[in-house]
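Presented below is the structure to which this report refers.
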Amino acid sequence: MSKRLFDVVAAGCGLVVLAPVLLAIALWIRLDSPGPALFRQRRVGRHGRLFDIVKFRTMVIHPDHGRQLTVGHDPRITRAGRVLRRTKLDELPQLLNVLAGTMSLVGPRPEVPRYVDCYPPAVRQTVLSAAPGITDLAAILYKDENDILGRAPDPEREYIETILPVKLEYYQRYVRDRSFWLDLCILVRTLGAILR
């Protein structure tokens, strides 16, 4: 209950304080390429419930829907999108998901159903027992995931066989050790990683 209260207060304050920045980014996206400022994608949340994650749109409006990984210098990424992805500012609208209760500030990052299907059953049960988060230790570790996958001969295979298992270890560790103090530490480390 205290985690949810902290999420609501922090997300609400964040949206109010960052409102001018959010509006400026939305306007920049609209001027940079045709289409809406926000992008929604179906993800798997707590207990396997599906929800729509909200992000700033960083890609052209008609991407190749057959590929759910974005790798390297993907030509679908817009000029504004390159900056937003590098600085992680595209994730800010997820504060709306936090307010709605579909996400938390800190928790295992939510995946698309296709990759959740790759979770071993026991791991799936553990990871999906927690609310998904905007950030976690795996997100900090793989903040350059886009570039890593861009260098792989087979990005899809690299993600499923190499990166995803490591992420799942971090997710399980978070679920096992989660606490208010750990959440605060992860939030501070996330800010540090973004500002570096």
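At-a-glance table
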quantity	calculated
For the chain, calculated [θ]222 nm from helices alone, where every DSSP H run of n ≥ 4 adds -39500 (n - 2.57)	-15000 deg cm²/dmol
Equivalent ellipsoid, segment 1-142 (semi-axes from 5 times Cα gyration tensor eigenvalues, Å)	25, 21, 12
Accessible area in square angstrom per residue, segment 114-179, 1.4 angstrom probe	52 Å²
Intensity falloff of segment 66-167 expressed as log10 I(q)/I(0), Debye formula with alpha-carbon point scatterers, at q = 0.19, 0.23, 0.25 Å⁻¹	-1.12, -1.47, -1.52
Rounded percent of accessible protein surface that carbon and sulfur make up, the chain, 1.4 Å probe	62 percent
Share of Cα-Cα pairs in segment 123-183 lying beyond 15 Å, as whole percent	53 percent
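The values are calculated or read from the model by the stated rules, or taken from the named source; none is laboratory data. Worth saying up front: this structure is predicted, and the values here are computed from it rather than measured. Protein only, heavy atoms only, side chains kept; ligands, DNA and RNA dropped before computing areas. Shrake-Rupley method; radii C 1.70, N 1.55, O 1.52, S 1.80 Å.
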